Structure formats: structure tokens, C-alpha cells
Protein chains: 4
Amino acid sequence: MTTTDPTPLEDTTPTEASHEHHHGYISDKSRYLARLKRIEGQARGLHRMVDEEQYCIDILTQVSAMKSALDGVAMGLLEDHLQHCVVDAARAGGEEAEEKLKEASAAISRLVRS
Amino acid sequence: MTTTDPTPLEDTTPTEASHEHHHGYISDKSRYLARLKRIEGQARGLHRMVDEEQYCIDILTQVSAMKSALDGVAMGLLEDHLQHCVVDAARAGGEEAEEKLKEASAAISRLVRS
Amino acid sequence: MTTTDPTPLEDTTPTEASHEHHHGYISDKSRYLARLKRIEGQARGLHRMVDEEQYCIDILTQVSAMKSALDGVAMGLLEDHLQHCVVDAARAGGEEAEEKLKEASAAISRLVRS
Amino acid sequence: MTTTDPTPLEDTTPTEASHEHHHGYISDKSRYLARLKRIEGQARGLHRMVDEEQYCIDILTQVSAMKSALDGVAMGLLEDHLQHCVVDAARAGGEEAEEKLKEASAAISRLVRS
């Protein structure tokens with residue numbers, strides 16, 4: 001295997017204290033948790049396929065399915081974020097709005113290029 | 001959340017009996033298993049971030065990091081597959097070669113579009 | 001070549017009359033036009049490389065460069081759209097805001113999956 | 001527009017003298033040229049849409065369509081490359097095979113991440 005190792009496990013401690021403001025996704029929290037549970041299961045499934053030395057193409061098929069599932073979660077989170085956090089900030093206006101929009105654009109750019 | 005649910009968990013039973021032929025990735029098996037363990041940890045990390053109602057943008061950052069880690073594993077598997085399974089089939093020639101190349105192209109196409 | 005032909009050339013007549021509202025990107029119009037001129041040049045470059053029967057890998061390198069250039073333009077347009085059209089609609093509120101946000105999310109989803 | 005300018009127009013002079021070996025795609029050359037002509041038309045269409053100050057979302061839709069068209073061409077070229085250049089090299093064996101496979105993997109990686 002000549003490709004570089006994956007990005008080191010990102011530090012997932014929140015960059016800012018959990019936001020008092022109600023994040024958009026929270027009204028759908030249980031569904032997000034269920035979807036992420038399934039993605040965790042897909043990750044375990046990949047581990048088992050390699051452990052059982054299954055055929056490369058079958059494993060690659062699962063990797064693509066898992067990437068699509070991650071895209072689905074990301075798009076849901078982004079849509080909720082736009083409809084709540086960004087709209088609230090837009091109405092508040094000023095620097096808060098600008099910062100929220102820059103942040104959202106940077107997150108979208110990372111998603112488009114990952 | 002208005003986007004569709006993720007692709008249903010794919011059936012990971014091998015499409016063909018575990019290949020007697022030695023898959024390319026097996027010589028790096030322990031490293032793939034370690035990387036997939038980390039990806040499983042990232043999936044659990046995402047679940048915890050949603051459970052703790054962390055900030056949407058922080059969660060999206062982790063999703064992008066996880067997609068990149070999956071790309072890294074996929075590219076390693078694909079490179080090993082080309083260097084072993086596809087090369088062996090190319091030397092064998094005939095239908096086996098054609099089938100292997102078609103299969104590899106289809107897997108690459110899924111990766112490019114996921 | 002066994003893969004399907006590309007998506008038929010999309011009809012580029014505007015889905016709605018040119019918006020009286022000032023689109024965000026218009027303040028950067030000349031830069032967008034210059035970047036799109038370069039992308040047109042990249043397309044012509046690809047055509048010439050195939051016409052001159054250049055090496056496949058060199059052509060593929062140019063395709064990736066062109067896709068990245070398109071991503072750059074798309075992210076600029078999206079950022080301008082969020083900062084102007086979406087913010088204006090968010091402040092107006094009601095159905096206009098909801099429609100704008102849905103539209104933006106759908107455009108982001110297409111970009112993430114293309 | 002706060003995002004960086006696109007990758008500078010790549011130098012498209014071939015990294016190696018036009019290959020005496022027959023590239024796989026050449027048997028489909030006219031179809032590739034026709035598809036690239038259409039992509040050039042899509043680039044001009046984007047330029048016109050910005051020039052006419054059309055609606056941002058409509059332009060973004062065309063960018064996604066153009067990226068998908070580029071993916072279609074790239075996948076065709078890659079499949080032809082695997083079936084000809086890589087297979088020939090695999091049969092020749094030795095360093096030529098290794099180099100061809102490394103090159104193909106690097107090109108696939110660029111495509112997956114663009």
C-alpha cells in the first residue's frame with residue numbers, strides 16, 4: 001500500500017462551547033443518530049470484509065456506499081444549518097451573519113472536495 | 001431533514017466465494033484493519049457529537065475528514081487490486097482479463113461519483 | 001468506449017426571467033468571465049490533446065485540473081449567492097426564504113455528488 | 001468572491017513524446033472529440049449565462065452538468081487506458097508494468113479527489 005495514511009483522527013472537542021442556540025438538526029436528532037449508527041455498522045462491515053479477506057471489488061463497493069451515506073447525513077445537516085443557524089444570523093445581521101456565511105461556505109467547499 | 005435516507009446497508013456477503021487467489025491487499029492486511037478501526041472510531045465520534053448536540057459545522061468537518069479517510073483506504077485497495085488481480089488476469093488474457101478490467105472500471109466510476 | 005455519453009447539453013435558458021434582484025456574483029462579474037474564459041481554453045486544450053493523440057494520463061491530468069477550476073467557480077458563485085440572495089430572502093422571511101434555502105441546498109447537493 | 005483562483009492553466013505539452021504505442025482511446029477518437037466539443041459548448045454557455053447575469057442557481061446547475069460530462073469522458077479514457085496501455089505493460093512485466101500501474105493509480109486518485 002503506497003498511498004499515505006488517512007487524515008489523523010480529528011480532535012472532535014467542539015471548537016466553541018456547545019451552542020446555547022438550538023441547532024437545526026436537533027429536531028431530527030434521533031434520525032441522525034440512527035443513520036450514524038448504520039454508518040458505524042458499515043465501518044465494522046468493512047473491517048470484517050478485510051479480516052475475512054473478501055474480494056477487493058466487493059470491499060470497494062461498500063466504501064462507495066458508505067461515502068454516499070455520509071453525503072446524505074452531511075446534506076441533511078447542512079440544510080438544517082442553513083435553515084436555522086444561517087437564517088437566524090442573517091436576520092441578526094452584522095459580523096455574526098458574515099461569519100456564519102463564511103463558515104458555511106468553507107464547510108460546503110470541504111464537502112465538495114472530499 | 002428533507003434529504004432521503006442513506007443507501008440501505010449493503011449486503012456484504014461476498015458476491016463470489018472468497019477468492020483462492022491471493023488479493024493484493026492481504027500483504028498489508030494489518031494496516032488496512034488499523035485504518036478501518038480508526039474510521040469506525042470516527043463514525044462513533046460523529047454519533048457522540050450529534051448526541052452531545054455539538055455545533056453543526058464541527059460535525060460537518062468530521063464528515064469530510066471521514067470521507068477523505070475512506071478515499072485513502074479505497075485508493076490503497078484499488079492500487080493493490082490493479083497490481084495483483086488485474087495484472088494476473090491481464091497475463092492470463094481472454095475473458096478473465098476483460099471481466100477484471102470491466103469490474104475495476106466500474107468500481108473506479110462508483111468511487112469518482114461518490 | 002463502453003461508458004454512457006455525457007448528460008445531454010442542458011438547456012441554459014433561465015428557469016425564471018433574469019432576476020431584477022442584483023445577484024451577488026455581479027460585483028465580481030469580470031473575474032468570473034475571465035475564469036470561465038480560461039475554462040473554455042482548457043476544454044479546447046483537451047480537444048487538441050485528443051486530436052494530437054497525446055498520452056491518456058496527460059489528458060486525464062487536464063480533466064482533473066478542469067474539474068477543480070469548475071469547483072472554484074462554483075464555490076465562488078455559491079458563496080456570493082448565500083451572502084446576497086439567501087440573506088435577502090432570509091430577512092424577507094416566509095415562503096421566499098424557504099424556497100431560496102431549498103434551492104441552495106439542492107444546488108449544493110448536486111455539486112457534492114458531481 | 002473570496003475563494004482562490006482556479007489552478008493555473010496546466011501546460012498541456014505532452015510529458016513524453018506522443019507515444020508510438022497506439023493509445024486505447026484512439027479507436028473511439030471521433031466520439032471523444034465530439035464529446036469534448038460539447039463540453040467546450042457548455043463552457044461557452046456558462047460564460048454567456050454570467051454575461052447575461054442569469055440566476056446563480058441556474059449557472060450552478062450547468063457547472064454540475066459539465067462536471068458530470070467531464071467525469072464521463074475521464075472514465076472512458078481510463079477504461080481504454082486500462083484495457084490497452086496497462087494490459088500491454090502488464091504482459092511486458094518488469095519496471096514498465098510497475099510504472100504504468102503507479103501512473104494509473106495516481107490519475108485515478110486525482111479524479112476521485114477532484
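So how much accessible area does B:ASP80 have, in Å² to the nearest 10, using a 1.4 Å probe?
The value for B:ASP80 is about 10 Å².
What's the total accessible area buried between chains B and A, using a 1.4 Å probe, rounded to the nearest 100 Å²?
Values: alone 9320 and 9300 Å², together 11040 Å².
What B and A bury together is about 7600 Å².
Per residue of C:92-103, what is the mean number of Cβ atoms on other protein chains within 10 angstrom of that residue's Cβ?
The shielding value for this peptide is 2.
Please compute the modelled spin-label separation between A:ARG48 and B:LYS102, points set 7 Å along Cα→Cβ, answer in nm with one decimal.
So the label points at B:LYS102 and A:ARG48 sit 3.0 nm apart.
Label points 7 Å out from Cα along the Cβ direction at B:LEU33 and A:LYS29: separation in nm?
3.7
Mind checking B:83-89 for the average number of partner chain beta-carbons within 10 Å of each residue's beta-carbon? Working shown, then result.
Details: counts 8, 2, 3, 7, 10, 1, 2.
Mean inter-chain Cβ contacts per residue within 10 Å come to 5.
If I take every Cα pair under 8 Å that is 6 or more residues apart in the stretch D:25-112, average their sequence separation and divide by the length, what percent do I get for the relative contact order? Walk me through the intermediate numbers first.
On the way: 30 pairs, mean separation 23.3, N = 88.
The normalised contact order for the stretch D:25-112 reaches 26 percent.
Using a 10 Å cut-off on Cβ to Cβ distances, tally the other chain neighbours for every residue of C:28-41 and report the average as a whole number. Before the final figure, lay out the partial values.
On the way: counts 3, 4, 1, 2, 7, 5, 2, 6, 12, 3, 6, 11, 9, 4.
That works out to 5 on average.
Shortest first and in nm with one decimal, please list how far the A:ARG113 label point sits from its counterparts in the other copies (point 7 Å along Cα→Cβ).
1.0, 2.3, 2.5
Set the Förster distance to 25 Å, then compute FRET efficiency between C:HIS22 and A:GLU95 from the Cβ-Cβ distance, nearest 0.05. Don't skip to the answer; put the middle values down first.
Values: r = 22 Å, r/R0 = 0.89.
Computed FRET efficiency for C:HIS22 and A:GLU95: 0.65.
Place the label 7 angstrom along Cα→C-beta at B:ARG31 and in each other copy, then list the distances from the first to the rest in nm, shortest first.
Inter-copy label distances (nm, one decimal, shortest first): 3.8, 4.1, 4.1.
Under a 5 Å amide H to amide H cut-off, with H placed in plane at 1.01 Å, what residues pair with C:TYR55 once short-range neighbours are removed?
For C:TYR55, whose amide H was placed from the backbone, the distant partners under 5 Å are D:HIS19.
Nearest to the axis that maps chain B onto chain C: list the chain B residue whose Cβ wins, with the distance in whole angstrom.
Whole-Å result, nearest residue of chain B to the axis: B:ARG113, 4.
Once phi is turned into ³J(HN,Hα) by the Karplus curve 6.51 cos²θ - 1.76 cosθ + 1.60 with θ = phi - 60°, what whole-Hz value does each residue of the stretch A:103-114 show in order, with x for glycine and proline?
4, 5, 4, 5, 5, 5, 4, 4, 5, 4, 9, 9
Please list 3J(HN,Hα) in residue order for the stretch B:57-63, calculated via the Karplus relation 6.51 cos²θ - 1.76 cosθ + 1.60 where θ = phi - 60°; whole Hz, with x for glycine and proline.
5, 5, 5, 4, 4, 5, 4
Write down the accessible area per residue of the stretch D:25-112 in Å², having rolled a 1.4 Å probe over the full set of protein chains.
31
In nm to one decimal, list the spacings between the B:GLY93 label point and its equivalents in the other copies, with label points set 7 Å along Cα to Cβ, shortest first.
Result, one decimal in nm: 1.5, 7.6, 7.7.
The values are calculated or read from the model by the stated rules, or taken from the named source; none is laboratory data. Just so you know, these numbers come straight off a predicted model, no measurement behind them. Cβ coordinates were reconstructed from backbone atoms using ideal geometry, including for glycine residues, and neighbour counts include every protein chain displayed. With ligands, DNA and RNA removed, areas are computed over all heavy atoms of the protein, side chains included. Shrake-Rupley method; radii C 1.70, N 1.55, O 1.52, S 1.80 Å.
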